Structure formats: C-alpha cells, structure tokens
Amino acid sequence: MEIHRRGSSGVSDRSDEFIGESIGESIGLLSRMPDIAFINGRFVPWAEATVSIDDRGFQFGDGVYEVIRTYRGVPFELDAHLERLSRSAKELSLLQPYSRTQWMEWIREGVKLAGYREAKVYIQITRGVAPRDHAFPPDVSPTVVMTVRELHPLSPAIRHAGVAARTVEDLRWGRCDIKSINLLGNVLAREEAKKAGVFEAILVKDGLVTEGSASNVMAVRAGSIVTAPEGPRILSGVTRTVVLTMAAKERILVEERFFPVDFLYTADEVFLTGTTIEVLGVVEIDGRVIGTGRPGPITRALAARWARLTGSG
Ligand code: PDD
C-alpha cells in the first residue's frame, strides 16, 4: 500500500520525527493531555488539532471513519476495523494515506499515550482541503484525524435490565455499507430516539428493519437469530461478525434476511450489537414489551461469551 506523506497543505508531517521519539519523551510533551489527538501524522495538543474550513469533510461529509475500542489497553479486532476502513476509503476513491502497519503503530502509540484502561479510538479520513466544488479536486491530500478518549462502558445494571428502542424511518442513502462520516440520517434517527427517551433508534426501510442508528439489530425467534444481510442497506458491524461466529459456536441457527417490524415486535428476544455497546438486550420497542421484558437466554449467552472473549466479564 502506498504511504502518502503530506507536504503542501500547510500542515507539516512530523510523523517520522514523532514516532522516532520514545513514549517517555512523548508523554513529557503531552503529559497534561488526558485525551489524545492526532492529525496528519502527528500527535498534537488537543487545542492544535484543527482542520481547515475548506476541508471536504466539513463541507460535504466527504470522508470515512472507524471507531475501535480497547480492552485493558489492547485494541479489539483491530485488523477487521482497519480492513473496513480501507474498504470504505476504496469505495469512495479516497486515498488511504497510511499502510496497515503504520496505522497499527499509531493506534497503539495513541492508546499508550492516553493511558486509559478502556479507550475509544476514533479515526477519520477526509478527501482533504480544497475550494468548495462538488467534484473531486485534483492533487488533494487526505486529512487524517485520530482521537483517543476514555470509554465509559454501559453499567451492568443497564445490561442486566435491557434497553428500550423505537423504530424510525431509515432515510439514509443507498450505500450504508460504507462507513461514511455523512451521518445525517443516523443523527436524525438518534435524535428521535432521544426525544422518545429510549436508548436506540431501529431503522426501517420499506417496512423492513435494517439496523440501529449506530448498531446492528438481531431478533431471536424459535431459537434462531434473524438479522439483516450484509449489503448496501447496512453497515456490516465488526461486532456483528464476531457475534454471528459465536452464535455458530453455540449451535444457534442464524438467518441473514430482512424482516418486517411486526417480526421484531413478536420476537422472543431482540438485541443490538456494536463496538461500544457489545451485546445489548432490547426489551421494549415502540412501547411494546419484547419477550418476557428481560434480556432472553440467547442474548444472555452471547453477552456472557462476549465478556469471556474480551475479558470484560
Ligand atoms: N457505529 N451500524 C451502524 C450504522 C453503526 O454506526 C455501527 C457502529 C454499527 C456497528 O458496527 P461495529 O460493530 O463495527 O461497531 C452498525 C459506531 C460505533 C459509531 O458510529 O460510533
């Protein structure tokens, strides 16, 4: 993979210089920074982590992102996240500026610098800085941003009780498989959920359940898990993949197909999957009680397996 280095954007690339420093020296520089910011190849104090108003991420939402979490300081499923980042970038003909190995080094360094036991790593790549014009600008260098912040996991009480959700019309574009920073449909849906006082918005397109505003949705019926198939209508979650593999190990049948809202209302169990929420039972949707009103046995079995896998239980 080509390693592109910035030069002409007004943001210098001190990546080699910085990476060349020991973590100790870096910490000296950044010791009062609880959250870590990285921009175009450099770890910088938060206040200096700024991008141009001409950035196409700001102007058009022309970029991609990833959210990765750590368990006891180790990024979880890093390969899968970086693979999806590359794929998203490729689908938008966006130059992926750093190699996989380079990303891995920087993510690990960022996590170490932050020092959090549980951290949330956010990566964003935009097409770069250019005067506003919809078509791709020539010779533009991508803008790359990474932040490392403390992750506050959901409380055991919430996990134990399960959460409520509401359905919202899925207004998003036709390529939800790309993890684009253009999240307006997701933002509006989540706001509806917030207004309704529930945890998540479950998106519905043409009467069929696609996914959550920031999660994948799984229904359990007669011992089988049913979930929307991979394709342009959903983001294929890293957690979704791991959970479906776990389900196979538990000998739980998985059907990847679309299902209507009614199927959700009458499911034995419903649960959400996602990087920060992991496996989370949904016990009420649009005011209707799901199953027994408690996270069901399959949800609990998968959540327990997840906790064993990640050492978080
Ligand atoms: N969102 N679907 C959508 C629309 C999402 O935004 C996410 C994650 C998922 C679950 O993907 P994963 O298991 O890889 O986290 C599914 C992240 C966490 C976010 O936008 O903050």
- Task: Tell me which residues, restricted to the range 137-151, are in a loop (DSSP other than H, G, I, E, B) and closer than 23 Å to PRO45 by Cβ.
- Result: SER141, PRO142, LEU151
- Message: If the requirement is being touching a Lys or Arg at 6+ places or on another chain (Cβ under 6 Å) and touching a residue at least 60 places away in the same chain (Cβ under 8 Å), which of these qualifies: THR147, THR70, THR126, THR143?
- Response: THR126
- Taking the range 71-99 on its own, how many of its residues are charged (D, E, K, R) and surrounded by 15 or more Cβ atoms within 10 Å (Cβ to Cβ)? 3
- Query: Looking at ALA165, ALA157, which is the one that is of a type in the set (Gly, Ala, Ser), more than 21 Å from GLY212 (Cα to Cα) and at pLDDT 95 or above?
  - Reply: ALA157
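Output the residues belonging to the range 62-89 that are more than 16 Å from the chain's Cα centre (by Cα) and not aliphatic (A, V, I, L, M). Quick ask: steps written out before the conclusion?
First, pick out the residues of the range 62-89 that are more than 16 Å from the chain's Cα centre (by Cα): 62, 72-74.
Answer for the range 62-89, where residues must be more than 16 Å from the chain's Cα centre (by Cα) and not aliphatic (A, V, I, L, M): ASP62, ARG72, GLY73.
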- Task: Report those strands (runs of 3 or more DSSP E) wholly inside the range 30-120 carrying at least 1 residues which are within 16 Å of the ligand (Cβ to nearest atom).
- Result: 63-71
- Could you look through the range 157-200, keep only residues that are polar (S, T, N, Q) and in contact (Cβ under 8 Å) with a residue 40 or more places away in the chain, and pick out the one that is farthest from the ligand (Cβ to nearest atom)? THR167
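Residue-by-condition table, conditions (1) farther than 21 Å from VAL187 by Cα; (2) surrounded by fewer than 23 Cβ atoms within 10 Å (Cβ to Cβ); (3) not assigned by TED's automatic domain parsing to the domain that holds ARG84:
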position	(1), (2), (3)
GLU230	yes, yes, yes
ARG233	no, yes, yes
ASP268	yes, yes, yes
GLU278	no, no, yes
- Query: Going through the range 203-229 one residue at a time, which ones are within 11 Å of the ligand (Cβ to nearest atom) and of a type outside the set (Ser, Thr, Tyr)?
  - Reply: LEU203, GLU211, GLY212, ALA214, ASN216, VAL217, ALA228
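Can you spot a residue in the range 125-136 that is under 15 Å from the mean Cα position of the chain (by Cα) and outside any helix (DSSP H, G or I)? Let's see the steps before the verdict.
We begin by selecting, within the range 125-136, every residue under 15 Å from the mean Cα position of the chain (by Cα); these are 125.
Narrowing further to those that are outside any helix (DSSP H, G or I): 125.
The answer is yes; a qualifying residue exists.
The values are calculated or read from the model by the stated rules, or taken from the named source; none is laboratory data. Bear in mind that the values here come from a model prediction, so they are computed numbers and not experimental data. Please note: Cβ atoms are built from the backbone with ideal geometry, for glycine as well, and neighbour counts cover all protein chains shown.
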